[in-house]
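Some notes on the structure that comes next.
A short reminder: the numbers here are calculations on the coordinates, not readings from a lab. Predicted model, so just to flag it, every value in this text is computed and none were measured. Note that each Cβ is placed from the backbone with ideal geometry, even for glycine, and that neighbours are counted across all protein chains shown.
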């Protein structure tokens, strides 16, 4: 009788789980501190809460799919997500530095939409094929 083989846990798998866990923790902070964080960033509390829910959904899906999706897909999606995050943070900071009031909304808006896009692309990706005996 063949013994089932557990998938190997690699550094990339740990990294994907950590990335998803960070999104879940950030979501909890956004939801729990929606009002004070919103005031600090110049956004409304409801946008912080919605962003928290989006991050919670995205991070949970990211963790859930670590065993069934290619780490190559994860890596590409994480690089794209994090690149957009940095770019949006820079744009938001530049807007705030120039005296604008929409910098926080731009940054939090990205954090609302991007995790859902990330999750949708991850779900749509082809599952990893199990090795046959």
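Observations on the structure shown:
- Failed criterion for residue 101 (all others in (1) in a helix (DSSP H, G or I); (2) surrounded by fewer than 16 Cβ atoms within 10 Å (Cβ to Cβ) hold): (1)
- Looking only at residues in the stretch 50-67 that are under 14 Å from residue 17 (Cβ atoms) and assigned to a helix (DSSP H, G or I), the one that is farthest from the chain's Cα centre (by Cα) is 64.
- Residue check: residue 82 meets all listed conditions (1) surrounded by 18 or more Cβ atoms within 10 Å (Cβ to Cβ); (2) under 26 Å from residue 28 (Cβ atoms) but one, namely (1).
- No other residue among 123, 108 is over 24 Å from residue 45 (Cβ atoms), touching a residue at least 24 places away in the same chain (Cβ under 8 Å) and not in a strand (DSSP E or B) apart from 123.
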